[in-house]
Amino acid sequence: MVLFGGSILWGEGRRYMLYSIFGGIIVAAAGAFIFLRPDLIWEWTEKWKSYRADESSDFYLQSTRLGGILFVLFGIIMVILPVILE
């Protein structure tokens, strides 16, 4: 039973809250990895597409780092939002 505005969230609501928190931690960790190692992400996803590519461009590195920052922010929101809304 879930009462909105109340504190009876011991059933399904509590489980979904934990899923959101653990999912947020995973998303934030992936974002941190993407931010710290955009060159490795390039090797895994883009290098095999070109036989002349030796390294990634500066634009690719900057845009991938920006994506990593956005992933970290989204992961933090996923962790904090269920706690705030409880």
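The values are calculated or read from the model by the stated rules, or taken from the named source; none is laboratory data. Remember, it's a predicted structure, so these values are computed and weren't measured experimentally. Please note: Cβ atoms are built from the backbone with ideal geometry, for glycine as well, and neighbour counts cover all protein chains shown. To get the accessible areas, we keep the full protein, side chains included, count just its heavy atoms, and leave off ligands, DNA and RNA. Shrake-Rupley method; radii C 1.70, N 1.55, O 1.52, S 1.80 Å.
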_Residue within the stretch 19-32 that is more than 20 Å from PHE74 (Cα to Cα), at pLDDT below 95 and surrounded by 15 or more Cβ atoms within 10 Å (Cβ to Cβ) present_ = no
*So LEU9 fits all but one of (1) of a type in the set (A, V, I, L, M); (2) surrounded by 15 or more Cβ atoms within 10 Å (Cβ to Cβ); (3) at pLDDT below 95; (4) in a helix (DSSP H, G or I); what number is the exception?*
(4)
*asked:* Take the conditions within 30 Å of ILE21 (Cβ to Cβ) and open to solvent by 80 Å² or more (accessible area, probe 1.4 Å) and apply them to LEU40. Does it pass?
replied: no
*Can you tell me how many residues in the stretch 44-63 are closer than 30 Å to ILE21 by Cβ and modelled with pLDDT of 95 or more?*
1
*Among the residues of the stretch 22-53, write down those that are part of a helix (DSSP H, G or I) and hydroxyl-bearing (Ser, Thr, Tyr).*
THR45
_Of all residues making up the stretch 54-86, the number that are in a loop (DSSP other than H, G, I, E, B) and either under 15 Å from GLY24 (Cα atoms) or open to solvent by less than 80 Å² (accessible area, probe 1.4 Å) (or both)_ = 2
